[in-house]
Every structure is written in C-alpha cells, then in structure tokens.
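S.K.: Please see the structure below; I have some questions.
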Amino acid sequence: MKLAAVGDNCIDYYVDKNEGFPGGNPVNVSVYFRRFNESSSYTGVVGDDSFGQLMIDSLKTKGVDTSHIRVETGKTAITEVHMNGKDRVLGDYDEGVLKNFKLSDEDIRFLATHDIVVSGCWGMIEKDLGKIKNHGVKIAFDFATKLEGGIIEDAIPYVDLAFFSDDDQDDEILKEFMIKIHLRGPQVVIVTRGEHGSLAYDGSNFYQFGIVPTCLVDTMGAGDSYIAGFIYGYLKGLSIIECMRLGAENSATTLTYYGAW
C-alpha cells in the first residue's frame with residue numbers, strides 16, 4: 001500500500017526545551033503510516049535553512065519518500081510550542097516558504113500513483129483535490145476543528161475519508177453534523193474526541209471507540225497518528241471499528257514521548 005501525504009510541514013519548536021522537532025499534519029501521517037511497514041511519501045516545500053534540511057533528513061531516516069520536497073530560498077515553517085503540564089499549547093506560527101506553496105502538474109501525477117492521498121486544512125491544496133480525484137485515487141482530509149467555512153466547501157466533494165476533531169459538542173449535535181457532511185460526498189466521516197475516543201459514520205450506522213490507556217508524555221501528533229492507523233485499516237478493507245481501534249492504538253504509541261515523532 002502507498003500513501004501520499006501532501007501540504008504543510010513545520011518544525012515544532014519547544015520553547016521550554018529549546019529544541020525543534022519535525023512535524024506538520026500530513027508529514028506526521030506519512031511517518032506514522034510507516035509504522036505499519038507500508039510505503040509513504042511527502043510532497044511539500046521547505047526553506048534552505050537548517051530546519052529544512054532537518055525535515056528532509058528526518059523523513060529519510062523514517063523511510064518516507066522525499067523526492068517531491070522542494071527547497072526554496074527562505075525559512076522553513078515553525079510553530080512555537082509551550083508545555084502546560086503534559087499538554088501542549090501552540091504559540092506563534094511563522095509560515096515561511098509554505099506561504100506560496102502550489103502543486104505542479106507533475107506533483108499531481110506523482111500523487112496519483114499512490115493508493116490514497118492525505119492532506120489537511122493548512123495544506124493549501126484543497127482547490128486541487130478535484131484534479132487529484134480525476135485520477136481515481138482515494139482522498140483523506142483532516143479538517144481538524146474547522147466544522148464550517150470555505151475549506152469544507154472547497155474540499156468535501158472530493159474527500160473519501162473526512163476527519164474532524166471536537167471534544168466539546170453534545171453527541172446528538174455532533175451526529176447531526178456528521179450526517180450532513182456525509183451527504184456531501186465522503187464514504188466515512190470520523191471525529192476524534194480526545195479522551196472520549198472517536199466517533200465514525202458511514203451513512204448507515206454510527207460507530208464509537210474509546211481510547212487505549214497509555215503513559216501520557218506529550219499530546220503532539222496524537223490525532224495524526226489516529227488518522228494514519230485508520231487509513232491503514234481502511235486500505236486493508238477492515239471494518240470501521242477495526243480501523244478505529246488501529247487509530248487509537250497508533251495514537252497511544254505517540255502519546256508516550258515528546259514531539260510528533
């Protein structure tokens with residue numbers, strides 16, 4: 001199986017530790033998918049600074065295909081991270097060279113050689129999803145906490161697996177939202193809910209799965225790990241509950257160390 005991750009990347013810079021870790025939603029998913037001994041690639045852009053080289057070298061070390069990472073003059077994106085106990089608080093974000101990131105026609109042809117393409121709401125490729133979908137490849141998209149707005153309008157018609165994150169909404173309100181989203185195109189709508197586990201809807205049934213207990217160190221990357229695990233199960237043809245279980249188990253692994261990976 002081959003997964004193509006595309007869109008944003010950043011260095012998660014832990015201010016308290018004075019240390020930077022490679023990250024970013026699609027980048028993380030590409031790494032976490034490799035845990036299942038399957039192939040993955042990352043398509044995006046980094047700066048010609050030391051952090052850009054760190055991103056490329058780190059992904060290569062994890063076995064991720066970096067052949068479609070472009071290096072441009074400027075800074076690699078950085079997100080400041082502050083620790084509040086064992087939870088993370090995101091601070092300032094410098095978008096760097098990602099600000100002008102665009103997919104080329106060759107990028108799109110490359111993405112179409114995979115079994116599934118995954119991106120998210122900060123990846124700036126939502127307007128190209130139709131071109132990717134025309135090649136017959138599956139698409140997964142992480143809308144994070146964006147339950148409304150233009151990003152949904154642009155992306156949702158082309159998405160097979162729609163991931164959201166919300167641990168505040170009442171169950172019934174959330175289910176109504178998931179039904180409406182499903183009617184607009186996705187095969188499965190999934191909402192991760194922090195310590196409350198996850199909820200999925202396939203147009204016929206709702207499915208609920210809890211969390212896998214673990215020793216919590218840092219929550220960075222937990223949601224992206226879930227996405228990678230769910231996608232692995234989906235490509236294997238497993239049941240939705242099994243996909244949710246794989247997502248929860250993969251997330252539990254990530255919670256046990258600092259940084260995304």
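S.K.: Between region 35-95 and region 141-193, how many Å separate their Cα centres?
M.R.: 26 Å
S.K.: Can I ask one more? List every residue whose amide H lies under 5 Å from the amide H of residue 139, counting only residues 5 or more places away in sequence or on a different chain, with H placed 1.01 Å from N in the peptide plane.
M.R.: Counting only residues 5 or more places away or on other chains, the set is 117, 160, 161.
S.K.: By its C-alpha gyration tensor, with a ≥ b ≥ c as the square roots of the eigenvalues, how is region 31-156 shaped: rounded for a/c under 1.5, else prolate for a/b larger than b/c, else oblate?
M.R.: It is rounded, given that a/c, with a ≥ b ≥ c, falls under 1.5.
S.K.: Determine the shape class of region 80-233: with a ≥ b ≥ c the square roots of the Cα gyration tensor eigenvalues, call it rounded for a/c under 1.5, and otherwise prolate if a/b is greater than b/c, oblate otherwise.
M.R.: oblate
S.K.: Using a 1.4 Å probe on the protein chains only, how many percent of the accessible area of region 118-261 belongs to carbon and sulfur?
M.R.: Ligands and nucleic acids excluded, carbon and sulfur reach 50 percent.
S.K.: With the other protein chains left in place, how much accessible area per residue, in square angstrom, belongs to region 1-156 at a 1.4 angstrom probe?
M.R.: 44 Å²
S.K.: Using 20 Å as the Cα-Cα cut-off, could you pick out the over-long pairs in 2/60; 60/102; 102/236; 62/99; 75/102; 75/138?
M.R.: Beyond 20 Å between Cα atoms: 60/102; 102/236; 62/99; 75/138.
S.K.: Then there is this: Kindly rank 42-48, 117-123, 162-168 from highest to lowest mean number of other beta carbons found within 10 Å of each residue.
M.R.: Peptide ranking by packing, descending: 117-123, 42-48, 162-168.
S.K.: Which shape class, rounded, prolate or oblate, goes with region 160-261 when its Cα gyration tensor gives a ≥ b ≥ c as root eigenvalues, a/c under 1.5 marks rounded, and past that a/b bigger than b/c marks prolate?
M.R.: Because a/c hits 1.5 or more and a/b exceeds b/c, region 160-261 counts as prolate.
S.K.: Right, here's the next one. Under the definition of Cα pairs under 8 Å and six or more residues apart, what whole-number percent is the relative contact order of region 121-176?
M.R.: Relative contact order, region 121-176: 37 percent.
S.K.: Under a cut-off of 19 Å between alpha-carbon atoms, report the lysines in cross-link reach of residue 175, not counting same-chain residues fewer than 8 places apart.
M.R.: 146
S.K.: Let me know the charge dipole size of the chain about its Cα centre in debye, to the nearest 20, where only the beta-carbon of Lys, Arg (+1) and Asp, Glu (-1) is charged.
M.R.: Computed charge dipole of the chain: roughly 800 debye.
The values are calculated or read from the model by the stated rules, or taken from the named source; none is laboratory data. Bear in mind that the values here come from a model prediction, so they are computed numbers and not experimental data. Cβ sites come from the backbone with ideal geometry, for glycine too, and all protein chains shown count toward neighbours. We work out accessible area using only protein heavy atoms, side chains counted, and drop any ligands, DNA or RNA first. Shrake-Rupley method; radii C 1.70, N 1.55, O 1.52, S 1.80 Å.
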